[in-house]
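Encoded as structure tokens, the structure appears first; notes follow it.
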Amino acid sequence: MSAMVCTDCYFAHHYGAHEHDGEWFAGESDSPADREPLNKLAGYDLADDTDSETGDGIEDFSWSSCDGCGSLLGGSRHRLAVFETVTPQ
Ligand SMILES: [Zn+2]
């Protein structure tokens, strides 16, 4: 399974995200994310699935909704590999 996620979710995957005064910030970004990054993928293991040399897995611009947070804002999309986590019984 894979997901196409917005820049905020992509940064949140690599650098984490934090909430401040009800707004979410991914990585070191000063501008708030549209919504909580990666909230739709909580509970899954994620891995970067892009190739910056070939551009594989990277869309420069898309209006498709982000698979990570549901944002409808246009922007670049990055592909993440999504793995089901095995929950210990
Ligand atoms: Zn997103």
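Looking at the structure I just gave you, is SER31 at pLDDT 95 or above and assigned to a loop (DSSP other than H, G, I, E, B)?
So SER31 does not fit the description; no.
Taking the range 38-55 as the search range and keeping residues that are among the aliphatic types (A, V, I, L, M) and part of a loop (DSSP other than H, G, I, E, B), which one is nearest to the chain's Cα centre (by Cα)?
Among those that are among the aliphatic types (A, V, I, L, M) and part of a loop (DSSP other than H, G, I, E, B), it is LEU38.
Looking at this structure, is SER29 among the hydroxyl-bearing types (Ser, Thr, Tyr), touching a helix residue (DSSP H, G or I) at 6+ places or on another chain (Cβ under 7 Å) and either loosely packed, with under 13 Cβ neighbours inside 10 Å or in contact (Cβ under 8 Å) with a residue 12 or more places away in the chain (or both)?
Against the criterion (among the hydroxyl-bearing types (Ser, Thr, Tyr), touching a helix residue (DSSP H, G or I) at 6+ places or on another chain (Cβ under 7 Å) and either loosely packed, with under 13 Cβ neighbours inside 10 Å or in contact (Cβ under 8 Å) with a residue 12 or more places away in the chain (or both)), SER29 qualifies.
Return the residues of the range 56-70 that are surrounded by fewer than 14 Cβ atoms within 10 Å (Cβ to Cβ), hydroxyl-bearing (Ser, Thr, Tyr) and part of a loop (DSSP other than H, G, I, E, B); say none if nothing qualifies.
Answer for the range 56-70, where residues must be surrounded by fewer than 14 Cβ atoms within 10 Å (Cβ to Cβ), hydroxyl-bearing (Ser, Thr, Tyr) and part of a loop (DSSP other than H, G, I, E, B): just SER64.
Just name the residue that is nearest to SER62 (Cα to Cα) out of those in the range 6-26 that are surrounded by fewer than 16 Cβ atoms within 10 Å (Cβ to Cβ) and not acidic (Asp, Glu).
HIS14
The values are calculated or read from the model by the stated rules, or taken from the named source; none is laboratory data. What you are looking at is a predicted structure, and each value in this text was computed from that prediction instead of being measured. As a convention, Cβ positions derive from the backbone with ideal geometry for all residues, glycine included, and neighbour counts pool all protein chains shown.
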